[in-house]
Amino acid sequence: MQYPGIHLHKHFNILLITFANINLSPLVFTMVDAIVSPLLEQLTSFAAKEITQQVKLVVGVEKEVKSLTSHLQAIQAVSDDAEEKQVKDRAIRLWLGRLKYASYDIEDVLDEWITARHKLQIKGGADKKTKVCFCFPASCFGFKQVFQRHDIANKIKEVSEELHDIATQKDMFKFESSSKSSERPRRVQSTSLIDEEEICGRVGERNALLSMLLCESSEQQKGLHIISIVGMGGIGKTTLAQLACNHVEVKREFDKTLWVCVSETFDEFRIAKAMLEALTGSTSNLNALQSLLISIDESIAGKRFLLVLDDVWDGDYIKWEPFYRCLKKGLHGSKILITTRKESIVSMMRSTDIISIEELAEEECWVLFKRLAFFGRSTEECEKLEQIGQRIARKCKGLPLAAKTMGSLMSSKKTEEEWKRILNSDLWKVEEIEKGVLTPLWLSYNDLPSRVKRCFSYCAVFPKDYNIKKDELITLWMAQGYLSAEAAEQDEEMETIGEEYFGILASRSFFQEFKKSYDNRIIACKMHDMVHDLAQFVSENECFSLEVNGSEELNVPNSLDEKVRHLMLIMGKESTFPISTCRAKRIRSLLIEWPEFGHSSLNGEILEELFRESTSLRALDFPSFYLPLEIPRNIEKLVHLRYLNLSDQKIKKLPETLCELYNLEKLDISGCSDLRELPKGIGKLINMKHLLNSGTRSLRYMPVGIGRLTGLRTLGEFHVSAGGGVDGSKACRLESLKNLEHLQVCCIRRLGDVSDVGEAKLLELDKKKYLSRLRLEFDKKGGGGGRRKNEDDQLLLEALQPPLNLKELEIHYYGGNTVFPSWMASLTNLKSLDLCFCENCEQLPPLGKLPSLEQLFISYMSSVKRVGDEFLGVESDRHDSSSSSSVIIAFPKLKSLSIFEMEELEEWDYGITRTGNTFINIMPRLSSLTINYCSKLKALPDHIHQTTTLKELRIGECDLLEERYRKGEGEDWPKTSHIPSIHIL
């Protein structure tokens, strides 16, 4: 299925054909409970509010709501039987599809209804004794004035009739009722993530690959030395390549290792850009392929490199030839490693050596399965389940992905009966699908709770090999309402439920290649190609990622237009935004990715049409623009919108009509540096939880409505207004933040404009028990800091005492002489600290006292010339009258230390590391040290030389240090040569 200007993933089409040939329906994928249960909860809540609400929208709606509820309950009672029988009965599959699409319409109507009622409450319901009522069906002027052309009452009548037909039709199937179906869905239990630290088997292949990578190419050998790893999907090609690249001898052999994931669509520009960034260590701003290739040619000259091209599909040598030409400048001994499923690629690439990956031996497959499935179990449990486990492992047929997936699945199964049920599942008989590799994935998917299935299927909206940001994914789940019912049921934050669902999917091996933060939290991941294929299929054409190249218009057939609900457009560099997208009326997610430095054709006129037509949108994510953009006033039509991302746009003003989006939960305007003011009516956004506005440096003031957003969890930046701001009636004072009791993340800027310390005390920051991340910026309006008296900033910082459970703290542009207020030492849970532009501080504070500190950034402290004992914070602990020896630990948990732009820093050393019988242990867990732009610093302290935990040392633009620690030549190179990863830039 190929349309002009679009490249659909061909593997997906092959998979759909395979499914059609074996007559396997999307049975296990139509999630009746996930559809019906949230709707019933929403209807029940809606009905209760209609009865008690003083401000009403219409009269007579109770009857329709009761009818909808009754029909949904009847359907829910037979949902288990319907899901089971849809395998063999096409009519049932069609009936379930009709139910699903009707449910979307019901959701939309209820959403519109609730929104209209909120508007009445805010605009005309100040007098609680007044009822605002309209006839059913609504036709009077008052209702139309509130909700313009939308006749909600008529819509609810229509969906009620449709659901009545669906409920009546179910009787012809003679479903059996299930008492289980009527139970409230059980709370999904969180599962610990299991990191697979060792690779089972592949010893022969690994040794062969290492031999090929480390052997010297003969001088007579012409051209590049190319090695290919070839094998079917899920067999472990990428894992083997990663294993080899991380081998210590391989790292020493090559000056540069470049890893590029090619995937199905060959994008020359993206590949060249990735190669150049790997070579230079920085993002390239070149926007022409020829310029990139020339830069690669220059950067690679004189270096021995290893280039890994992972997952190659395109066999057109003409596309590869320009890359080969520019790679020939590398030193003799450079190598290219390719992984591919296709034998034809091996010959096209002119491979020198080939490694064919076969299935794991039965014993190796069992070891991999057992490690995951039996994790944390007692010996008695393992013995009882071992025979069943061996039979399941044999069904994985030597495929590592299958063994890993099944092992992850079985780790959550406690009883012998559960293990036997999986062993005897009919799905094992489906061997035609990718030679059986998908069967374990299907079993694992089928075992998921229904609500988690919806979250998994949504992942099909991303293209293959996409770097999925965890927080962004959870935000999108929230916008679609996948988490709200469970959160309301458990009285928890939706983000907490989202984290739990993500953890379940990760523990079942649906996600991989995790990127983690300093404190080991997952921040991003990818999906294996085969897992992505499954997600595409189970989404049943609702989720798509489309690549748009050129200016051709999309020719999407009506059938796709009706079914698609979630769409990501990946725009090519010279592509034009497809206008036809604006006509996808039922679309619920529109995510647009434009290449860096690409030309955007989106404008206000196109957006106006999009807002007019695609009124069911719940998530809208625009690309960054480099031209001014005006947001049309008719954005108010997107009444269902929960998530709006306008980050990094050149927007000067947001329309006041944005404040009519009463359902908006997350607004991202971070990086909108030209934005001068927020809409006056922002206080009407009563459901707002996250206002991300970091980097909005041109904002003149914060409107008073901010103080009414009592549900805010994130406030990217609060800009203090001097003396009440330009207009005292418009500007929100600092003390107004006192009302935001649920704040978790907050930045307060322009503290340099606070003239009264008492105002900061009224804020009562220490009482915000949920606050975990805080940034304090002592700059003034117009930029800059340090223009106040030192003691003023010291008093103000003292007054801004945060809660004791604070996890992350940043202090910027502070003008005091010391940056260690009395409350700092009491932050026993503080994990991350960032001190920047504290220019009057002549010495670093005693941060070694902080017991939980894991990450420390220090930058632009221009008055600090020496770092000594005071930094450790152990002075008062040295006096020990006892005769027995003891140990004091400074920075007991610090893992990452970064020092930037300390141009006056000359010495970093400690006077003593032992006093009497007391030994001072410094930074015993440090694993990463980065020092940049410290040109006067002469040497690193001895404890850095002696530490055995340091895994990474980065030194850049530090002339004296670079000379001292240069590989093989520097005076102190022997003291640091044991560190695995050293980068001298």
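The values are calculated or read from the model by the stated rules, or taken from the named source; none is laboratory data. This structure is a prediction, so every number in the text was calculated from the model and none was measured. Cβ: placed from backbone, ideal geometry, glycine included. Neighbour counts: every protein chain shown. We work out accessible area using only protein heavy atoms, side chains counted, and drop any ligands, DNA or RNA first. Shrake-Rupley method; radii C 1.70, N 1.55, O 1.52, S 1.80 Å.
Note on the range 810-909: Cα Rg divided by 2.2 N^0.38 Å, N the number of residues, gives 1.12. A cut-off under 12 angstrom between Cβ atoms defines the neighbours of Thr828, and their net charge, with Lys, Arg +1 and Asp, Glu -1, is +4. For the cross-link pairs Lys384/Lys453; Lys85/Lys563; Lys256/Lys329; Lys730/Lys769, the ones whose C-alpha atoms lie over 19 Å apart are Lys384/Lys453; Lys85/Lys563; Lys730/Lys769.
Building the convex hull from the alpha-carbon atoms of the range 285-360 and averaging its projection over directions returns 6.3 nm². Computed over neighbours whose Cβ is under 12 Å from that of Leu771, the net charge equals +3, Lys and Arg +1, Asp and Glu -1. Each Lys or Arg adds one and each Asp or Glu subtracts one; over the other residues with Cβ under 15 Å from the Cβ of Ile106, this totals -2. Accessible surface calculations at 1.4 Å, restricted to protein heavy atoms, place the range 790-940 at 41 Å² per residue. When the Cα positions of Leu664, Ile651, Leu638 are compared along the charge dipole of the range 562-715, Leu664 comes out farthest toward the positive end, with charges on each C-beta of Lys, Arg, Asp and Glu. On the principal axes of its alpha carbon atoms, the range 282-422 extends 63, 33, 26 Å, with the longest extent given first. Of all aspartates and glutamates in the structure, those lying under 16 Å Cα to Cα from Lys328, and not within fewer than 8 positions of it along the same chain, are Glu219, Asp255, Asp297, Glu298. Here, the range 890-974 is characterised by an Rg to Rh ratio of 0.98, where Rg is the alpha-carbon radius of gyration and Rh the Kirkwood radius. Comparing Cα centroids, the range 230-299 and the range 658-721 end up 40 angstrom apart. Simple spin-label estimate for Arg925 and Tyr101 gives 5.5 nm between the two label positions (7 Å along the Cα-to-Cβ direction from each Cα). Size descriptors for the range 937-985: radius of gyration and Dmax over Cα atoms are 9.7, 25 Å. In plain terms, the C-alpha convex hull of the range 838-985 casts an average shadow of 8.6 nm² when viewed from every direction. Each part reduced to its alpha carbon centroid, the range 948-985 and the range 446-521 end up 40 Å apart. Per-residue SASA remark: Ser37, around 10 Å² accessible (1.4 Å probe; ligands, DNA and RNA not included). With viscosity 1.306 mPa s and temperature 10 °C, the Kirkwood radius over alpha carbon pairs of the range 700-780 converts through Stokes-Einstein to a diffusion coefficient of 127 µm²/s.
When the pairs Lys370/Lys526; Lys370/Lys413; Lys63/Lys155 are compared against a 18 Å limit on Cα-Cα distance, Lys370/Lys526 fall above it.
Structure note, pairs Lys469/Lys653; Lys585/Lys666; Lys464/Lys951; Lys761/Lys865: Cα-Cα distances above 24 angstrom occur for Lys469/Lys653; Lys464/Lys951; Lys761/Lys865.
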